[in-house]
Structures are given as C-alpha cells and as structure tokens.
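*Asks:* Attaching a single structure in structure tokens format; questions to follow.
The values are calculated or read from the model by the stated rules, or taken from the named source; none is laboratory data. The shown structure was predicted, so the numbers you read here are calculated from the model rather than taken from an experiment. Reconstructed Cβ throughout: ideal geometry from the backbone, glycine too, with neighbour counts over all protein chains shown. All accessible areas refer to the heavy atoms of the entire protein, side chains included, with ligands and DNA or RNA removed. Shrake-Rupley method; radii C 1.70, N 1.55, O 1.52, S 1.80 Å.
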Amino acid sequence: MFVDSPVEQTTAVTDLFLALQSVGVIVMLRRVPVRKPMWTDVWTLFFGLLAIASVLGAVSHGIHLHDSMQNVIWGTVYLALGLVMALFAIAAVAMTWNHDLARRCVPYFIAIAFIFFAITQLWSDSFLLFVVYEAITMVAALSLYAACYWFRREQGAGFLSAGILAGIAAAIVDSQSSLQMTWIWTFNNHGLFHLVQMLSLLLIAIGIHLSHRSASGIGELY
C-alpha cells in the first residue's frame, strides 16, 4: 500500500529522481575511457551506492511497511551512505595527491564508514547522525578541492567545490525538521534536502566531466 501523506509521497518521488540522476552520471562516466581507471571506478561506486540508497529511501517513504522491514531498509541505507562518504573522501585524496596514496587510504576510510554504520544501529536519530558525518566529510573534501582549484587550477575542481558547498547546504536544510514549503507539491525538510542534493550532484558531475576531459589529452588522470 502506498502512503497517503502528500509530503511523504513527494519525498519518495524526489528520492527516485536522485536515483535516476545517479544512474545517468554512471552512464556518463563509463563512456569515457581512461588509462588510470581508479578515478572512474571510485565515482561509479559512489553514484551506484547513492542510487541504491535513494531507491530504498523511496520505498521507505512511499510504501507502508512493517517496522522490521523499515529497520532492514534503513540499516542498508545507512551502510550505503557511509560507504558513499568514504568514496567521496577517497576521490578527493586521489585528485589532491595521487592514486597510490588514495589506494592506501581505502581501508581506513572504509573502516570509518563501517564504524559510522555500527553507531547508527544504536543511535535514536540515525539520519541526523548521517547529516553530521556527511558535513564533516564534505568540509574536509572541500578544503582539498579548493586547494586544487586555487593553487593548481585543476580542471573540474571549481565545480566539485561548488557541488560540495551545495551538499553542505542540503545537509543544513535536512537538519531543519520543522521546515516545510509548498510549491505545486508540499516538501518537508527531507524533500527539500533531495532537491538541493540534485543541484549538488549536477555540479559534481560537471566537475568530474571536466576532469575527464582535461585528462584525456595526456592519457591519464592526475
């Protein structure tokens, strides 16, 4: 049975749009051949896990489910989102320094993601915890991408930085539990979070595309 709440319906639909957007970026990524595939692989996994989390979020918001099933869905969502943030940090290290260092960071960032997941299983408001985790990761990544833009003028770093700023804004929006706006449809803080997140992902996708285009002339990435 679908939920009756218009707000929850809107949140579910915006989750589905996030999933479609993520799949579209994956298609774009896989069409660009590169000699160093780690950058592409990291971002493919990033958007793939984000698509999975968004679809599960749409199911949770849009369909009446037993509490046990809701717990399973949200547990999977938090695990996927934790790994998404870990991959985001790995991509930032890859651009700022090099792929070898990024590879060495992989087990540490993945371990942090699993620690975050374990904490969410004990926390009363797990999504608020994710917002905090996301904000910390994004601020750290923003400093790295901003340095690439200002000091090395790396192609795409400016758009990646702008995407992170939009992502931080989305996290702030989502933390406002009383926020609600009606524009054709009614959006609560989660629905508005998804809208701002779409802008964030668009800017990040443009940054990745510019990075690929810049690398294609020399046959490698960074």
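*Asks:* Every residue in region 179-194 that is touching a residue at least 40 places away in the same chain (Cβ under 8 Å) and either open to solvent by 40 Å² or more (accessible area, probe 1.4 Å) or under 16 Å from the mean Cα position of the chain (by Cα) (or both), please.
*Replies:* Passing the criteria: Q180, W185, H190, G191, H194.
*Asks:* Moving to a separate point now. Restricted to region 41-58, and to residues that are open to solvent by 40 Å² or more (accessible area, probe 1.4 Å) and of a type in the set (V, I, T), which residue is nearest to M95 (Cα to Cα)?
*Replies:* Per the criteria, the residue is I52.
*Asks:* Do the conditions hold for F88, that is, is it touching a Phe, Trp or Tyr at 6+ places or on another chain (Cβ under 8 Å), aromatic (F, W, Y) and open to solvent by less than 20 Å² (accessible area, probe 1.4 Å)?
*Replies:* For F88, the condition - touching a Phe, Trp or Tyr at 6+ places or on another chain (Cβ under 8 Å), aromatic (F, W, Y) and open to solvent by less than 20 Å² (accessible area, probe 1.4 Å) - is met.
*Asks:* Right, here's the next one. Quick check on F116: is it touching a Gly at 6+ places or on another chain (Cβ under 6 Å) and within 12 Å of G82 (Cβ to Cβ)?
*Replies:* Yes: the conditions hold for F116.
*Asks:* If the requirement is being surrounded by 17 or more Cβ atoms within 10 Å (Cβ to Cβ) and either within 14 Å of the chain's Cα centre (by Cα) or at pLDDT below 90 (or both), which of these qualifies: Q197, Q176?
*Replies:* The conditions single out Q197.
*Asks:* Separate question: Can you tell me how many residues within region 99-131 are hydroxyl-bearing (S, T, Y) and open to solvent by 40 Å² or more (accessible area, probe 1.4 Å)?
*Replies:* Selection size over region 99-131: 2.
*Asks:* Scan region 29-40 and tell me whether some residue there is more than 19 Å from M95 (Cα to Cα) and open to solvent by 20 Å² or more (accessible area, probe 1.4 Å).
*Replies:* Within region 29-40, one or more residues are more than 19 Å from M95 (Cα to Cα) and open to solvent by 20 Å² or more (accessible area, probe 1.4 Å).
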